[in-house]
Amino acid sequence: MKNVELFPREGKAIISINPKVYSLEVVYSAAYVFLDKAYFFLDGDPETDIKVVMKAKDEKIKQKELGRMARDFGNELINYSVYIAQAARNQGVREAIIKRALATNLGEEYSPEEIEETELKEAAEKIKMPEEDEDLYIKDPDGIAQPWTPEKAKDLKKPKD
């Protein structure tokens with residue numbers, strides 16, 4: 001692999017990535033999968049060449065395992081590239097399904113603009129913002145949020161069925 005340099009004594013690999021093939025978003029997503037196994041350092045120019053330094057967290061990583069991690073990282077780059085491409089391709093369909101579901105739940109036929117406006121109005125009605133002089137804490141009449149101790153259990157009322 002021309003784009004991977006292995007440094008087994010240091011337990012690290014340097015992977016060169018062409019940003020015309022893989023976007024920075026894809027690189028972040030692929031690195032995220034390996035955060036439990038390696039430390040990542042990104043360098044380079046996101047327009048011309050991205051350098052990913054993958055340093056194994058386990059110092060006992062052998063050369064074979066380091067190479068395998070670098071190859072697995074390459075597979076994750078492909079995985080997330082496909083995911084992002086499919087998500088972009090299906091975005092219009094997902095939005096249409098959600099808008100249709102919202103219109104159905106409202107019980108009438110609405111245009112997309114009316115759906116958004118109606119949805120915002122309903123959400124605003126459900127949310128009661130506290131007045132300036134009101135306490136911002138949630139009221140707890142049943143004492144559920146109180147710390148439990150055996151002494152306090154004696155005074156608690158049984159919940160109504």
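Numbers at a glance
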read-out	value
Size of electric dipole in segment 4-94: Cβ of Lys, Arg +1 and of Asp, Glu -1, about Cα centre, debye, nearest 20	340 debye
Per-residue HN-Hα couplings for segment 49-62 [Karplus 6.51, -1.76, 1.60; θ = phi - 60°; Hz; x = Gly/Pro]	7, 9, 9, 10, 9, 10, 10, 5, 6, 8, 5, 8, 4, 8
Per-q log10 I(q)/I(0), segment 4-94, q = 0.13, 0.17, 0.18, 0.20 Å⁻¹ (Debye; single scatterer per alpha-carbon; no solvent)	-0.44, -0.69, -0.76, -0.90
Phi-based couplings in Hz for segment 66-79 (Karplus 6.51, -1.76, 1.60; Gly and Pro marked x)	5, x, 5, 4, 5, 5, 5, 4, x, 5, 5, 4, 5, 3
Packing-based ranking, highest mean first, of 82-91, 55-64, 18-27 given that Cβ atoms within 10 Å are counted	18-27, 55-64, 82-91
Whole-number percent relative contact order across segment 4-94, with pairs defined as alpha carbons under 8 Å at least 6 apart	35 percent
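Values in this text are rule-based calculations from the coordinates and carry no lab data. Note that the structure is predicted; figures quoted are calculated from it, not measured. Positions of Cβ are backbone-derived with ideal geometry, glycine not excepted, and every protein chain shown enters the neighbour counts.
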